[in-house]
Amino acid sequence: MTLPAQVAQQNDDPVTETLYQQVQHFYARQMQLLDEGQIAAWADTFTVDGVFAADAQPEPVAGRAAIRTAAQAARDALDAKAIRRRHWLGMVDVRPDGPDQVRVVSYALVLEIPRGGPATVHVHTTCDDVLVRQGGAWRVKHRQVRRDDLAGGAAR
Amino acid sequence: MTLPAQVAQQNDDPVTETLYQQVQHFYARQMQLLDEGQIAAWADTFTVDGVFAADAQPEPVAGRAAIRTAAQAARDALDAKAIRRRHWLGMVDVRPDGPDQVRVVSYALVLEIPRGGPATVHVHTTCDDVLVRQGGAWRVKHRQVRRDDLAGGAAR
Amino acid sequence: MTLPAQVAQQNDDPVTETLYQQVQHFYARQMQLLDEGQIAAWADTFTVDGVFAADAQPEPVAGRAAIRTAAQAARDALDAKAIRRRHWLGMVDVRPDGPDQVRVVSYALVLEIPRGGPATVHVHTTCDDVLVRQGGAWRVKHRQVRRDDLAGGAAR
């Protein structure tokens, strides 16, 4: 994960309150869709050619259809164990990259709650997204998830 | 918890940045009041006829006075054990329902910190609110809390 | 930590969506800089005469240079143990104190992730900041961190 080397970039913040709100709201809905098992609607928050990459996976998942299939399989496996997952995505840093594209670097806290409890922290990751605006809606064009418990990552 | 079936609802987001900020700020203050033991002021963030329902409780608590009494009892019990609770409310999805009413579906992460530690996750819940604007301030008219460790919930 | 005694202060919220967004974005970047080990850039988010006080430390750290030195030492100690720390700062309550100064009271959830996991909650604190605007950028003039597991604090 690369980050601005100079805090001087905080001057003249190019992110408007409107854009920041849109991104926050987008993530809230996107995570709720996933966690509520609305996998098809969740997959639709990616572009048709969207890519989901995670350092815990051997290969990136490319294309909305494949992303949907992979997410449904993960969901089914959790359901079989009666485990609910909750994704908090926060500490959102938004960097405009043209009128209809932004890069967003954020944290994701993933909790697992088995039926009967207790709730525990499952993993903590960073999430490095490229979002594009299509027909008025933001969608994920590219997502790179990096788990903090794995050895990789430039900062280590 | 019901959620939009179609991500198409993300088009033409009807939530303004002003409304989203007000809701976020409202929750920040509301949770701080509760966690700091300012129970009377916290109870005032509900309407006089407000309802607090939780699937972990046998009956909803109806009316600000009853909500205040119940919260004070819960607080006293925690104080007796020297346990501090912290409520994070986030992943806020705001859905306008008229000029002075919104429905908000969010996540709540509840931490417990006994004196001397360690801090642990107590429970994770969803929070389904109806907020109404009264005299310039948002208040909770109806709150439905659902614990993720309990078996209920449409998604399970 | 003092909090408004009257929820009436929620009426006529003096915080604009612009200010609230700036503060949220500032914290997201500030915490990412710290957690990614960009200690010099992180220290630059404090004023030159900034103060970092924490109830877990015997003395406040005064001045950006000293803050930077202390943070680098803490970072080096974590690196030596291959532990990553992640700071979530949220539940942000912003209170304007003039055009270029705000007081912000928030929660901080600190996670620790050793290489190989698991991720755990390290501590939970409150964070009581005075931010000032300098040349278009917000910076921390004074920070008071209070750990919830320690006995102090007005609310206990």
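With a cut-off of 12 Å between beta carbons, the residues surrounding B:D44 carry a summed charge of +4, where Lys and Arg count +1 and Asp and Glu -1.
In the protein assembly as shown, the calculated helix contribution to ellipticity at 222 nm averages -8500 deg cm²/dmol per residue, counting -39,500 (n - 2.57) for every DSSP H run with n ≥ 4. The residue in chain A that lies nearest, by its beta carbon, to the axis linking chain A with chain C is given here with the distance in whole angstrom as A:E17, 3. What are the label-to-label distances in nm, one decimal and shortest first, from A:G136 to the same spot in the other copies, with labels 7 Å along Cα to Cβ? Its label point is 3.3, 3.3 nm from the equivalent points in the other copies. Interface B-C: total buried accessible area of about 3200 Å², 1.4 Å probe, protein heavy atoms only. In this simple spin-label approximation, B:A70 and C:A53 carry label points 7 Å from Cα along the Cα→Cβ vector, and these lie 3.9 nm apart. Mean per-residue shielding of peptide B:14-26 is 6, counting Cβ atoms of other chains within 10 Å of each Cβ. Ranked from largest, the principal axis spans of the Cα set of region A:18-84 equal 40, 26, 21 Å.
If one computes P(r) from the Cα atoms of region B:91-134, what percent of pairs lie at distances over 13 Å? Before the final figure, lay out each step's value.
Details: 588 of 946 pairs.
It works out to 62 percent of all Cα pairs.
Ranked from shortest, the separations from the 7 Å Cα-to-Cβ label point of B:A82 to its equivalents in the other copies are 3.7, 3.7 nm.
In the calculated pair distance distribution of the protein assembly as shown, what percentage of Cα-Cα distances lie above 34 Å? Before the final figure, lay out the partial values.
Working: 33140 of 109278 pairs.
Looking at the protein assembly as shown, the distances longer than 34 Å represent 30 percent of pairs.
Using a 1.4 angstrom probe on heavy atoms only, work out the carbon and sulfur share of the accessible area of region C:55-156 in %. Intermediate values should be presented prior to the final figure.
Details: 2320 of 4390 Å².
Using a 1.4 Å probe with all protein chains present, region C:55-156 comes out at 53 percent carbon and sulfur.
Distances between copies at A:V48, taken between label points 7 Å from Cα along the C-beta direction, are 5.7, 5.7 nm in increasing order.
Taking 12 Å as the straight-line reach from the Cα of A:K81, the aspartates and glutamates in range (excluding those fewer than 8 positions away in the same chain) are A:E112.
A 1.4 Å probe run over chain B, with the rest of the protein chains in place, finds 39 Å² accessible per residue. Residues of region A:68-90 buried by at least 50 Å² of accessible area upon assembly of all protein chains, compared with the chain on its own (1.4 Å probe): A:R84, A:R86, A:W88. In chain C, the longest principal axis of the Cα atoms and the axis of helix C:64-80 are about 40 degrees apart.
Size of chain B: Rg and Dmax of its alpha carbons, in Å, are 16.0, 50.
Return the average number of partner chain Cβ atoms within 10 angstrom of each residue Cβ along peptide B:103-110.
The per-residue average across the peptide is 3.
Could you tell me what percent of the DSSP beta bridges with both partners in the protein assembly as shown are antiparallel, to the nearest 5?
Details: 108 of 123 bridges.
Just about 90 percent of them are antiparallel.
Rolling a 1.4 Å probe across all protein chains gives A:F52 an accessible area of roughly 40 Å².
The values are calculated or read from the model by the stated rules, or taken from the named source; none is laboratory data. Since the structure is predicted, the reported quantities are computational estimates derived from the model, not experimental observations. In this analysis, Cβ positions are derived from the backbone assuming ideal geometry, glycine residues included, and neighbour counts consider all displayed protein chains. Surface accessibility is based on the protein's heavy atoms, side chains included, excluding ligands, DNA and RNA. Shrake-Rupley method; radii C 1.70, N 1.55, O 1.52, S 1.80 Å.
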